[in-house]
1. Taking the Cα centre of each part, how many Å lie between the range 154-179 and the range 185-199?
2. What list of ³J(HN,Hα) couplings, whole Hz, do you get for the range 296-305 from phi and the Karplus terms 6.51, -1.76, 1.60, once you set θ to phi - 60° and write x for glycine and proline?
3. Taking the Cα centre of the range 53-148 as origin and charging only Cβ (+1 Lys, Arg; -1 Asp, Glu), how large is the dipole, in debye to the nearest 20?
4. Taking +1 at the Cβ of each Lys and Arg and -1 at the Cβ of each Asp and Glu, which of Tyr53, Gly94, Pro121 sits farthest along the dipole of the range 53-148 towards its positive end, judged by Cα position relative to the Cα centre?
5. Would you please give the FRET efficiency between Ala52 and Ala132, computed as 1/(1 + (r/R0)^6) with r the Cβ-Cβ distance and R0 = 30 Å, to the nearest 0.05?
6. Tabulate in residue order the Karplus-calculated ³J(HN,Hα) for the range 167-173, using 6.51 cos²θ - 1.76 cosθ + 1.60 with θ = phi - 60°, rounded to whole Hz; enter x for Gly and Pro.
7. What residue among Ala63, Ala280, Ala33 shows peak mean-square fluctuation when the chain is described by a Gaussian network model with Cα springs under 10 Å?
8. Where a Cα-Cα gap under 20 Å defines reach, which lysines qualify for Lys195, not counting those fewer than 8 residues away within the same chain?
Amino acid sequence: MLLSACSRPEVFRQESYVFGTRVDVAVYGEDKAQADSATAAVLREFDRLHRAYHAWEPSELTALNAAIARGEPHEVSDELAAMLRDAQQMAAMGDELFDPALGALIALWGFHTDTFVPVRPDPARLQALLDARPRMSDLVIEGNRVSSRNLAVQLDLGGYAKGYALDRANAILREQGVVNALVNIGGNVMALGKKGDQPWRIGIQHPRNPAPLATMPLYDGEAVGTSGDYQRYFELDGERYAHLLDPRTGQPAHGTQSLTVLITPRPAAGTLSDAASKPAYLAGEGWREQTRRFGIDHALRIAEDGRVEVTRSLRARLQFPVPTEVSVID
């Protein structure tokens, strides 16, 4: 009886702040030492990724950007080369609405800082960047050697790295013998196993209210990603300017408050949950076509006017704490 009492499963949780957001790792199990060790390994990996691929502080990514600006090829790590090839493919699938080559545009809008100042960019500089049209397809990746046909390309993996980090957390936790865990990186979430005899349960953030819009179960190997206008943004003259920029206009996207995708178990589910939510968000009313391109059946959109649209597959999972009018999309 004493042994049984000492080994009752519980949730062991650690929090940190990385990638410019709050990170939470929850492990369900009986062995606190194992949970703490595995979680520490995950948080160390997050810190490594943050430092290696930071978009404006000195990193492997900024070194590559500097070489591109000089018109020189640059040798990168195996990991970064693989990430860039993957990001290229995702950009092509989504009409290049997801475009990590737009780092210069993000900086122009003032989002390459942790304490940005509300200001609109200089119109002439903005137009020059639009005319240069930097795209992921401008990159030439030959093994570990990366160059660009376009010197305006400046890489920012902010719409990719959190999802990639989820996949790394998944791999590390499983290597450490953890089979039940929930990893949350600023709203990008991945589940391992379950919480006791129940699946993990998460909330979908309402972009204008502090309470969740809805809750749902999340099963082993599934990942959720949300793109929204409610985390990194500023308001100027009564208008909201979010960090999600439309490469076609150079302006913060309008038309959608938030777009959530749920990725069923598959390789790199975490990465897909992060990257695939971006083109769907930027597509506005065309969001469902974008999610289809990535093989995603579970998605929810909150339009600029507050309308809630959800795919039939995801609607079957959702529980709304208050009555909510929802349009179901096939």
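1. When both Cα centres are located, 14 Å separates them.
2. Going residue by residue, I get 9, 9, 10, 8, 9, 10, 10, 6, 4, 8 Hz, with x marking Gly and Pro.
3. Details: 7 positive and 15 negative charges, 71 e Å.
My answer is approximately 340 debye.
4. Going by the Cα projections, it comes out as Pro121.
5. After rounding to 0.05, the efficiency reads 0.65.
6. Using θ = phi - 60°, the values come out as 5, 5, 4, 4, 5, 5, 4 Hz.
7. Ala33
8. Lys32
The values are calculated or read from the model by the stated rules, or taken from the named source; none is laboratory data. Here the structure is a predicted model, which is why all the values come from computation and not from measurement. A quick note on method: Cβ atoms are made from the backbone with ideal geometry, for glycine too, and the neighbour counts reach across all protein chains shown. All accessible areas refer to the heavy atoms of the entire protein, side chains included, with ligands and DNA or RNA removed. Shrake-Rupley method; radii C 1.70, N 1.55, O 1.52, S 1.80 Å.
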